[in-house]
Amino acid sequence: MSIAAGGEPPPADCKALAPLSRKGRERRESTTSDASDDQWLTDAMMEEGRQHFRPPAKHNHHSSHEGRKTCIGVCQMDWRQVLGSKAQHHVAHAKLHAAGKPEGHSVGSLEIEIEVLPQLPQVVNLDRVTSAATSEQACCEQSAQQAIRKAQDWWHGFCERHLPAAGLHGRPVKLLALDELGQQRPVTSFVHPLQLGRALCSARAAARWVSLLRADSNDRTLPGISADDRWRYLHTVLAVGSASKAEKALLLCNLLLGFGLDAWVCFGTDKLGEHYWVLTRSSHQAATFWEPSSGVRYCPKAAADSPGCPFLTLGSVFNHERLCVNCQTSAAVADVNFRFEDQKQWRCFAPQPSHAPISNTTAFELQMTSIDSAAAEGQLEAELKLAFEAKREALLPGMGMRWDAPLSFLLMPLLVAYEQEALTGAAAHGKDEAMGAVKRCIPPGWTFRGYPHQYRSQSSAYIAAVTLKEHAVMDMLASTCNDATFALRVNMVPYPEGVVCAWVMLAVKSQEPGMSKELQML
């Protein structure tokens, strides 16, 4: 259970019920905003086989700021105590543990009303319920401790036998991580195949969705512990709408496993230092890298020759089955052999299922964001036009800003093509026709300049502020050509759980001395 609060009105205002995990716990997540618009994401844990319901998500299209939310508190509770109550409605109090703080720090409590549907024909003996819950909790704690001891024993043995001889010191290896409750767990227990309904229809759609989650800041962490050392549950990530680099890699790996791919979380380095990404292997052991923050895929063998590939070295990989440490002479991604079954090149730790802590992620269906795209796009365009007109007036008083509606219409196919390319990683069909249509409407001797960009926010104030920092945009607004006409188009693409990608393109056609007479995408 977690509570998040912060900037933008939350992407959904709904209640949700999901099937029960065998531990019989309830997790509830809520988000609150400065605009007093609440989102409740609830997993009411029901007996296996019962139906579950989750209303469609509603989306608040605009806010006055970028809209970051922060997790305030988390907790877990066992709802089965209501089985021993004769009352139809049972009120429970759950103490909230301060997110990212040492154990014992509380931020308050939640009063939760619980109802079991359908009603039980008779009240269950409360002593039996309490005894079963206590026994189960003790078993889970023992299993978690055994998993940690086994992982540590394996690591100590590995260090004694292989590190000195193989020269592996300094290679990134992650064996244990903290969950959001501050409990240490093997990294393999954070990975499990996820099949979250019909909202994401392919592996590449999953990668695109994960890439659109906001990058998480480090303000939720303990001193000396980075955001990538404390991994939150999926429910919390969805509640706040953001994730750390490690959490994005975990989520993407889990989704790719759900789509049947042989997926692994990679821990290595890029140009900025330690980094997490995802690797998939084909039936022929051919590997593909997936960058969670962008959704872009790379071929490892071409990494050395590809200036766009961000990955440098690979120290270890893991999924829900095992952790594998790279023992090869070279850790450079272009030189690595990805046959993890080769014990001479990879040393693997495979925890026994009985020692693996039970996952805290309950299966549920992602809900597609409900949005009137045409209305939202029109409103955002109108607000951005006012912002651009005001800026141009400040730069060139009295020049004015004329808008070209037909040219604005022709920008839409280009924005659609850009989203298709971001989704598929390949050139979009129809992009050539769209570019040709724009060229045909530019008079001879005139120049067209366009600036397309994508945003994770729908706030006109935020988008305008970011766009007006671009030199290319300022150059367009500062055009002194009397015949200059401007065009603006917005294309909003909804994804699950309140995530919306807003493509915005500002363009100008003008006849200015000294400029090349051609179409320019800036």
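The values are calculated or read from the model by the stated rules, or taken from the named source; none is laboratory data. These numbers come from a predicted model, not from an experiment. Cβ sites come from the backbone with ideal geometry, for glycine too, and all protein chains shown count toward neighbours.
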Query raised in the report: Does the range 130-145 contain any residue that is over 30 Å from VAL187 (Cβ atoms), touching a residue at least 12 places away in the same chain (Cβ under 8 Å) and loosely packed, with under 13 Cβ neighbours inside 10 Å?
Result: no
Report task. Would you check which residues across the range 195-211 are assigned to a loop (DSSP other than H, G, I, E, B), polar (S, T, N, Q) and touching a residue at least 60 places away in the same chain (Cβ under 8 Å) and list them? Result -> GLN195
Query raised in the report: Out of all the residues in the range 98-121, is one or more among the aliphatic types (A, V, I, L, M) and in a helix (DSSP H, G or I)?
Result: no
Query raised in the report: If you scan the range 258-287, which residues turn out to be of a type in the set (Gly, Ala, Ser), under 19 Å from the mean Cα position of the chain (by Cα) and outside any strand (DSSP E or B)?
Result: GLY258
Requested in this report: Could you check VAL82 against (1) in contact (Cβ under 8 Å) with a residue 24 or more places away in the chain; (2) part of a loop (DSSP other than H, G, I, E, B) and say which number it fails?
Outcome: (2)
Report summary line: Flagged in the range 254-287 as of a type in the set (Gly, Ala, Ser) and modelled with pLDDT of 95 or more, in numbering order, are GLY258, GLY260, ALA263, GLY268
Report task. Could you tell me whether the range 26-36 includes any residue that is at pLDDT below 80, over 29 Å from LEU212 (Cβ atoms) and part of a loop (DSSP other than H, G, I, E, B)? Result -> no
Query raised in the report: When GLY445 is evaluated against the numbered criteria (1) in a helix (DSSP H, G or I); (2) touching a residue at least 40 places away in the same chain (Cβ under 8 Å); (3) small (Gly, Ala, Ser); (4) exposed (fewer than 15 other Cβ atoms within 10 Å of the Cβ), which criterion, by number, is the only one it fails?
Result: (1)
Requested in this report: From the list ALA422, ALA426, pick out the single residue that is outside the structural domain of ASP179 (by TED's automatic domain parsing), surrounded by fewer than 16 Cβ atoms within 10 Å (Cβ to Cβ) and either farther than 30 Å from SER143 by Cβ or small (Gly, Ala, Ser) (or both).
Outcome: ALA426
Report summary line: Of those in the range 95-115 that are surrounded by 18 or more Cβ atoms within 10 Å (Cβ to Cβ) and out of contact with any His (no Cβ under 8 Å at 6 or more places or on another chain), the residue modelled with the highest pLDDT is LEU96
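Residue-by-condition table, conditions (1) touching a Phe, Trp or Tyr at 6+ places or on another chain (Cβ under 6 Å); (2) among the aliphatic types (A, V, I, L, M); (3) outside the structural domain of PRO193 (by TED's automatic domain parsing):
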position	(1), (2), (3)
LEU255	no, yes, no
GLU274	no, no, no
LEU279	yes, yes, no
PRO310	no, no, no
Report task. Please work out which one of (1) closer than 22 Å to GLU497 by Cα; (2) surrounded by 13 or more Cβ atoms within 10 Å (Cβ to Cβ); (3) modelled with pLDDT of 95 or more is the condition GLU381 fails and give its number. Result -> (1)
